[in-house]
1. Of all residues in the stretch 73-98, which are of a type outside the set (A, V, I, L, M), out of contact with any Pro (no Cβ under 9 Å at 6 or more places or on another chain) and either modelled with pLDDT under 95 or closer than 18 Å to GLU138 by Cβ (or both)?
2. Tell me the residue from ALA143, ALA107, ALA132 that is within 33 Å of the chain's Cα centre (by Cα) and within 21 Å of LYS65 (Cβ to Cβ), please.
3. Being within 12 Å of GLY454 (Cα to Cα), buried (at least 17 other Cβ atoms within 10 Å of the Cβ) and over 42 Å from the mean Cα position of the chain (by Cα), is that true of even one residue in the stretch 413-420?
4. Hey, does the stretch 160-167 have a residue that's among the acidic types (Asp, Glu), part of a helix (DSSP H, G or I) and touching a residue at least 12 places away in the same chain (Cβ under 8 Å)?
5. Give the residue that is surrounded by the fewest Cβ atoms within 10 Å (Cβ to Cβ), with candidates limited to residues of the stretch 231-248 that are at pLDDT 65 or above and not in a strand (DSSP E or B).
6. Could you please tell me which pairs satisfy a Cβ distance under 6 Å, a separation of 6+ or placement on different chains, a first residue in the stretch 379-404 that is in the same structural domain as PRO448 (by TED's automatic domain parsing) and more than 18 Å from GLY446 (Cβ to Cβ), and a second residue that is part of a loop (DSSP other than H, G, I, E, B) and of a type in the set (A, V, I, L, M)?
7. Can you tell me how many residues within the stretch 433-461 are in contact with a Leu (Cβ under 6 Å, 6 or more places away or on another chain) and either surrounded by fewer than 17 Cβ atoms within 10 Å (Cβ to Cβ) or of a type in the set (Val, Ile, Thr) (or both)?
8. State all residues of the stretch 1-50 that are among the basic types (Lys, Arg) and either modelled with pLDDT of 60 or more or farther than 26 Å from GLN82 by Cα (or both); if no residue qualifies, say none.
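The values are calculated or read from the model by the stated rules, or taken from the named source; none is laboratory data. Only a predicted model underlies this, so the values are computations on that prediction, with no experimental measurement involved. Cβ sites come from the backbone with ideal geometry, for glycine too, and all protein chains shown count toward neighbours.
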Amino acid sequence: MDTDGFDAAMKKQREQAKKAWAGSGDAATEALWFELRERLGATEFLGYETEQAEGQIRAILKDGKEVDEAGPGEAVQIVLNQTPFYGESGGQIGDTGLLVGAGGAEARIDDTQKKLGDLHVHIGEVTEGKLAVGEAVELRVDAERRAGLRVHHSATHLLHEALRRRLGDHVTQKGSLVAPDRLRFDISHPKALTAEDILAVEEMVNARIRENAPTETHLMTPDEAVEAGALALFGEKYGEEVRVVAMGGEDPAKGDHKAYSTELCGGTHVRRSGDIGFLKILGEGALAAGVRRIEAVAGAAALAHVAWHEALLSEAAAALKTAPAELPARLGGLLEERKKLQRELEDLRRRLATGDGGAAKAPEARDVAGVPFAARLLEGVPPRDLKPMADELKTRIGSGVVALVAVNDGKASLVVGVTDDLTAQLSAVDLVRAGSQALGGKGGGGRPDMAQAGGPDGVQAQAALTAIEGALEAAG
């Protein structure tokens, strides 16, 4: 064996690895992680079987540097020989909890990250006493939060398989987030899921949950995992030995392939599918070309979501003085009634604006430079109603110019109309721009027979009509 050649190649590989990690972030910090991994080795993960364990502090980092100890109020990053805390990977976020030392020393762990694949880094703050390198400590994962993570990670596996069976084998995972209170799952799929697709996928997943089948996990070689029908998940790194998680059916290690979902995964999972409770898809949408994002909740989070929706439904029904079951019909009737009232209101506004009867009958058009000019100042009329009103007023005067200004919430909308017989000598665009300037606007646009504009200064509405009159007089 060429031991000298091996040692030289190993040295070169270490130097290249250090450079690669240094290029991925702060050079000094990344180099330190590499040195720690090389000196201390991997962190043994105990979290599949327990959420409490003992460990020994191997390194404490503060402000990017190794220290021998840390006291109250100091932000730290702690590396131990073993831990039940899951380091963020494969979409599952890191664990939180407590680290308790001798003599009442304590650190709050706010996050757990993985460096170089298998070095677990506990990120948090010392809250009591002092923690020192070499000290034995007790590690306590936030059990309730971990339970939510297990539920949503297992639900993600069942969701993945249900999507493949409903939409096709082209569906592959493009990204995921597993949090204590929700999950997010990105898949390759060229179009939006229909309401029928979503309902079908939900039912497929919940049927597997109701079976309450045990979750089976096995360590295999990658080739054995493939033979067992396991799917590789996005973002996972696989070595000579992989962890296979089978859910919703038989055990793939025994040679049968009846498990509903079989995937390579290093995350934490429920012991039985029934522990998930049920899954509720909140929605789906486009993330990128050919990629859809699905958001869902499971377990206690799904129950909370349903309870929230029921409360909203009851509140809406009470406001409309009807039963929740009658709410759709009641809303349909109210919308029809609203449309009818809207039509009546629009007709009333048109009558008031054009002087079509009533006590609010408008004065006749007056002569400006030999051209009949009808101007109206309106309060509370929506901008969209101005053009139809202007068309009707043009018809009523027969020949001339119409100018309407509506004020809403301090802003003004302006429409000018010119009858067809006068467009050769007058342009509605020129006239509306004169009015827009008075309103603090930036002009306007349209056609010679009809143009519109607006402005932020509704107080100057009457000034805008005066400006249009002046422009008309100048043109004549």
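1. ASN81, GLN82, THR83, PRO84, PHE85, TYR86, SER89, GLY90, GLY91, THR96
2. Of ALA143, ALA107, ALA132, the one residue that is within 33 Å of the chain's Cα centre (by Cα) and within 21 Å of LYS65 (Cβ to Cβ) is ALA107.
3. yes
4. Yes: one or more hits.
5. GLU240
6. Pairs found: ILE397/ALA365.
7. Number satisfying all stated conditions: 1.
8. Listed by number, the residues that qualify are LYS11, LYS12, ARG14, LYS19, ARG37, ARG39.
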